[in-house]
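The values are calculated or read from the model by the stated rules, or taken from the named source; none is laboratory data. This is a predicted model, so every value here is computed, not measured. Neighbour counts are summed over all protein chains in view; Cβ atoms, including those assigned to glycine, are modelled from backbone coordinates with ideal geometry.
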4 protein chains.
Amino acid sequence: MTSVLNHGNTIEYGKEVLIYFDNRRRFLVKLEQGKKFSSDKGVILIDDVIKRGVGSQVVTTLNARAWILHPLLIDYLEKGIKRVTQVIYPKDLGFIVLMLGIGSGCRVLEAGVGSGNTTMVLAHFVKPQGHVFGYENRKEFIEIAKSNLARVGLDKYVTIKYGDIKKGVDERELDAAIIDMPDPWEALETLYSALKPSAPVAFFIPSMQQLIKLFEAVDEHKGFMDVRAYEVLLREIELSRRAIRPSTHMVGHTGFIFFARKVIKSS
Amino acid sequence: MTSVLNHGNTIEYGKEVLIYFDNRRRFLVKLEQGKKFSSDKGVILIDDVIKRGVGSQVVTTLNARAWILHPLLIDYLEKGIKRVTQVIYPKDLGFIVLMLGIGSGCRVLEAGVGSGNTTMVLAHFVKPQGHVFGYENRKEFIEIAKSNLARVGLDKYVTIKYGDIKKGVDERELDAAIIDMPDPWEALETLYSALKPSAPVAFFIPSMQQLIKLFEAVDEHKGFMDVRAYEVLLREIELSRRAIRPSTHMVGHTGFIFFARKVIKSS
Amino acid sequence: MTSVLNHGNTIEYGKEVLIYFDNRRRFLVKLEQGKKFSSDKGVILIDDVIKRGVGSQVVTTLNARAWILHPLLIDYLEKGIKRVTQVIYPKDLGFIVLMLGIGSGCRVLEAGVGSGNTTMVLAHFVKPQGHVFGYENRKEFIEIAKSNLARVGLDKYVTIKYGDIKKGVDERELDAAIIDMPDPWEALETLYSALKPSAPVAFFIPSMQQLIKLFEAVDEHKGFMDVRAYEVLLREIELSRRAIRPSTHMVGHTGFIFFARKVIKSS
Amino acid sequence: MTSVLNHGNTIEYGKEVLIYFDNRRRFLVKLEQGKKFSSDKGVILIDDVIKRGVGSQVVTTLNARAWILHPLLIDYLEKGIKRVTQVIYPKDLGFIVLMLGIGSGCRVLEAGVGSGNTTMVLAHFVKPQGHVFGYENRKEFIEIAKSNLARVGLDKYVTIKYGDIKKGVDERELDAAIIDMPDPWEALETLYSALKPSAPVAFFIPSMQQLIKLFEAVDEHKGFMDVRAYEVLLREIELSRRAIRPSTHMVGHTGFIFFARKVIKSS
């Protein structure tokens, strides 16, 4: 497997590392021979990073200490993705992946791809034997998403297509779908055709008006059952010797997550 | 792959299906020739379930309609696990798996295994090339956990050992760890030995006293960095044509999730 | 002032006290000469309660210790109200009272009264110079509400009327209003007539469909500005020497609170 | 009563109004003859405000529309207080006032006063017959608090003293107390002396370490019972014709609220 997210313990020129100073200063850095990495904490020589290796400490020219970490999926979600659109947050993605039962070998539909943030998560979990089929109707995002996926070595598990899933998709017998679009009620017939019987779908829905409209459309369609909706709230806890407490600022809402499973419409 | 969680679309005698009436009436049912499934909604003939197939509707003797669904991971977490201990909830597990970057091929440490609820999730995500090494110091739970894992065909990806990780583990160079025990601060040295440099660990921590004690121990140990803690709150939304609204009752707290990554202690 | 909620420090026959054993065993008890109070913790003689006085400890026949407390408003909300309808919770009432700026001297409209739970809170805060005008269109609740208010000595600050505010109210130039009814959008014209210019109103709204409908009606009416909506979530923290942690069970939703202030419609 | 928070419906020179454009543009403005009020929405003549009156619309020189509102307590909490310290938020204050049963006639202890934000709320609810005794050990804040209280006409219900309540207070037989200080466990003996038997106290506690320490001190003191702790979370809902949804940003934590009631220590 050549995904960079393999928890490897060697690093080499051409790869990326996470240079970690503290929870606010964490940088994804490409290892290029003879280059330097600079921040407000001072300069680090990349050759020095290579010499020391993963998990080690490096000291900057300003005598600050940093650690060399192997990047995880979350580092790319937090720091590595060039974001051109609103993305689904990790708190929601983890729950969606678990609820859909996505795992190695799954064939998954995604709409819309945007900058490839969700796509990266899906590809990570379906590899090495599954595949993600992503649709995006804003042409300018497709190259950005592909480049984000290539950066982490996950592009081989993904096919991104230019198009609007409301007009149908090419795939059939898919294992699951994730839909993040403004008018998902228009895509129900496409989903019904593309999914295996019993396969689950998750819709990401920002507003109450959309939630009501989607529920009513699914309720009338009759091709989906086990309908549920949730909100995931994530609270960060600040850690210090003096005071451990939930953070003052919190993301109060991203979206509602609406789940359903395809059933065969009785005729 | 022979995990039952493969989103297959055929069913056969000997396997399980989810018989779904409504969000409260959902049953994991083993398909045995000539048998019947009974509930307050009436009786369903198992042979009839086989004949109709996944995604189809069946009608009970009381004229109630149910749907035949292929079980997902979440169905086993919600309905299929014989729970002998407090378990980590899906809302927390999805976030932990994402934050640790667990994926196919990972070698993961788990302590303690309990009834195998978390183990099942880990095995699902590391298959087919990874492995879960679970430790449990209460002998009576080990067979229960093994049986729960065998039921879903995930036992081959798991080794469960009888023992207390505070005294050390056999494995080295592991990719990640999940620790759910009352005194995790006693296991830091074991974790430091077992994990690869840079590998992440998640601790599940019910109380504030434990959170403070763990933070202080990690802070003093110097072998772990990128320390963060979170709480995940899940709010279910009730869906109906008349009233869509968050559920009156909610799980207000399960535990704090504490993350860290191993770094090489400077000598 | 004769409200029992006056934080007095004497007790006498005929009044009520809170007998407190622990957070689950707390009882509002009327002090009747020669009577006994019994619970699973044993028997307490009422004459003994009188003799000891507020703040003292009493010991039951089973040698359990209880404390004699002067009842507070919250004790009546939690324990003392005969509830015949869904009530607005303390977490919401405290916020509403603060946001509306209700205080001594205010003249406040309430619809509907139900069992008088909210009415009691309003009367407590407007006394001794203000007044609550409550409307209730279910005749059977009116006597219950009156009796609940008389019990705490707040009935003199309240007038309860049988009627539906959608058809108008008698009062004019009111300082504030609290509306808890299924179709509050039908009451906007009544509210516009009854409130002083600039006076605030709070609507308690359980579902998303109602919230949307109310917002659209207020938006079209043009007689209300400074429109805001909130949800208040209350998390109880369990306290013990061994483990301090948020409670496992929590009320996840009661209702949305929608605020607006009357402005003069331009003609 | 001369508090400006009396929901009056006349305005006059020398008083303040709230000039409301939209939820972000709301200004407390003193009405001074011949003066102008300017914002990015244009200029309003104060004489024109007086002429039109409370609840009316005014049009700016840039043709923007604003409404003239009588300020409520919440407007001073949100906009009118010169804040020199961290304050307790309205979501917490409403709940505290309700739980303590504060109402007209109560005699309440407050420590520390800071800029007088909480003091203003307490004075509003105890007027006209109650009184707030506020202690502040940072001399420079006392004049600020007094000036904030005088601005709304509530200064006559408050006595602010320079001092540290850990060394005792002059008052006895108080009805309630609100304590917002870093080391409240040092003030238990003072509170025990100052409160009536059975009288309630609320402590505002930012961190987990403080919560644990306070609980242990109260548990050992034996002079306080009915101990409870809560967190209040407030979620704002954004309202628009296109999308009603909880706000993206939310205050995730202000503090824990810890309640207890004084009981007579058995000797």
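Within the range D:209-228, is even one residue under 30 Å from A:TYR230 (Cα atoms) and surrounded by fewer than 23 Cβ atoms within 10 Å (Cβ to Cβ)? Checked against the condition, which is being under 30 Å from A:TYR230 (Cα atoms) and surrounded by fewer than 23 Cβ atoms within 10 Å (Cβ to Cβ), the range D:209-228 yields at least one hit. The lone criterion from (1) in contact with a helix residue (DSSP H, G or I) (Cβ under 6 Å, 6 or more places away or on another chain); (2) free of Cβ contacts under 8 Å to residues at least 60 places away in the same chain left unmet by B:PRO200 is number (2).
Restricting attention to the range D:78-92, the residues that are crowded, with 16+ Cβ neighbours inside 10 Å, at pLDDT below 95 and in a helix (DSSP H, G or I) total 1. Of the strands (runs of 3 or more DSSP E) entirely within the range A:97-166, those holding at least 2 residues that are of a type in the set (Ser, Thr, Tyr) occupy A:158-162. Within the range B:169-207, being at positive phi and among the hydroxyl-bearing types (Ser, Thr, Tyr) holds for one residue alone: B:SER198.
I need the full set of residues from the range C:48-77 which are within 31 Å of the chain's Cα centre (by Cα) and either loosely packed, with under 14 Cβ neighbours inside 10 Å or more than 10 Å from chain D (Cβ to nearest Cβ) (or both), in order please. The answer is C:VAL49, C:ILE50, C:VAL58. Within the range C:217-228, residues that are more than 14 Å from C:LYS196 (Cβ to Cβ) have Cβ atoms under 7 Å from residues that are polar (S, T, N, Q) in these pairs: C:ARG228/D:ASN23, counting only partners at least 6 apart in sequence or on another chain. Yes or no: A:SER39 among the polar types (S, T, N, Q), in contact (Cβ under 8 Å) with a residue 12 or more places away in the chain and either facing chain B (nearest Cβ under 10 Å) or within 28 Å of A:ALA229 (Cβ to Cβ) (or both)? When the stated conditions are applied, A:SER39 does not pass them. Cβ-Cβ distances below 8 Å connect the following pairs, each with a first residue in the range C:142-157 that is surrounded by fewer than 19 Cβ atoms within 10 Å (Cβ to Cβ), a second residue that is assigned to a helix (DSSP H, G or I), and a separation of six or more residues or different chains: C:LYS146/C:ASP155.
Restricted to the range D:181-190, and to residues there that are in contact with a helix residue (DSSP H, G or I) (Cβ under 7 Å, 6 or more places away or on another chain) and not hydrophobic (A, V, I, L, M, F, W, C), the residue that is farthest from D:SER207 (Cα to Cα) is D:THR190.
C:ILE237 - would you say it is within 10 Å of chain D (Cβ to nearest Cβ), β-branched (Val, Ile, Thr) and out of contact with any Cys (no Cβ under 6 Å at 6 or more places or on another chain)?
In short, yes.
Scanning the range C:142-151 for residues that are more than 10 Å from C:ILE81 (Cα to Cα) and either acidic (Asp, Glu) or within 15 Å of the chain's Cα centre (by Cα) (or both) yields C:GLU143, C:LYS146, C:ALA150.
When you scan the range C:248-261, do you find a residue that is without any contact (Cβ under 8 Å) to a residue 40 or more places away in the chain, part of a loop (DSSP other than H, G, I, E, B) and over 26 Å from D:PRO90 (Cβ atoms), even just one? Yes, the range C:248-261 has at least one match. Go through the residues of the range D:78-86 one by one and say whether even a single one is polar (S, T, N, Q), closer than 30 Å to D:ALA199 by Cβ and away from every other protein chain (no Cβ under 11 Å). Yes, some residue in the range D:78-86 is polar (S, T, N, Q), closer than 30 Å to D:ALA199 by Cβ and away from every other protein chain (no Cβ under 11 Å). The residues of the range B:124-142 that are of a type outside the set (Phe, Trp, Tyr), more than 8 Å from chain A (Cβ to nearest Cβ) and farther than 20 Å from B:PHE259 by Cα, listed by number, are B:GLY130, B:HIS131, B:GLU136, B:ASN137, B:ARG138, B:LYS139, B:GLU140, B:ILE142. Screening the range C:242-267 for residues that are among the charged types (D, E, K, R) and facing another protein chain (nearest Cβ under 7 Å) and picking the one that is nearest to the chain's Cα centre (by Cα) gives C:ARG261. Is it the case that D:LYS139 is charged (D, E, K, R) and in contact (Cβ under 8 Å) with a residue 24 or more places away in the chain? So D:LYS139 fails the test. Among the residues of the range A:106-126, those identified as without any contact (Cβ under 8 Å) to a residue 60 or more places away in the chain and not hydrophobic (A, V, I, L, M, F, W, C) are A:SER115, A:GLY116, A:ASN117, A:THR119.
Residues in the range B:93-139 that are crowded, with 24+ Cβ neighbours inside 10 Å, more than 20 Å from A:GLY94 (Cβ to Cβ) and among the polar types (S, T, N, Q): there are none. Tell me yes or no: at least one residue of the range B:38-46 is in a loop (DSSP other than H, G, I, E, B) and under 18 Å from A:GLY223 (Cα atoms). No - not one qualifying residue is present in the range B:38-46.
Which of the residues that make up the range C:170-226 are in a loop (DSSP other than H, G, I, E, B), more than 9 Å from every other protein chain (Cβ to nearest Cβ) and touching a strand residue (DSSP E or B) at 6+ places or on another chain (Cβ under 7 Å)? Within the range C:170-226, C:GLU171, C:ASP180, C:MET181, C:GLY223 meet the criteria.
Only one entry in D:ASP175, D:ASP183 is assigned by TED's automatic domain parsing to the domain that holds D:LEU214 and either surrounded by fewer than 19 Cβ atoms within 10 Å (Cβ to Cβ) or without any contact (Cβ under 8 Å) to a residue 40 or more places away in the chain (or both), namely D:ASP183.
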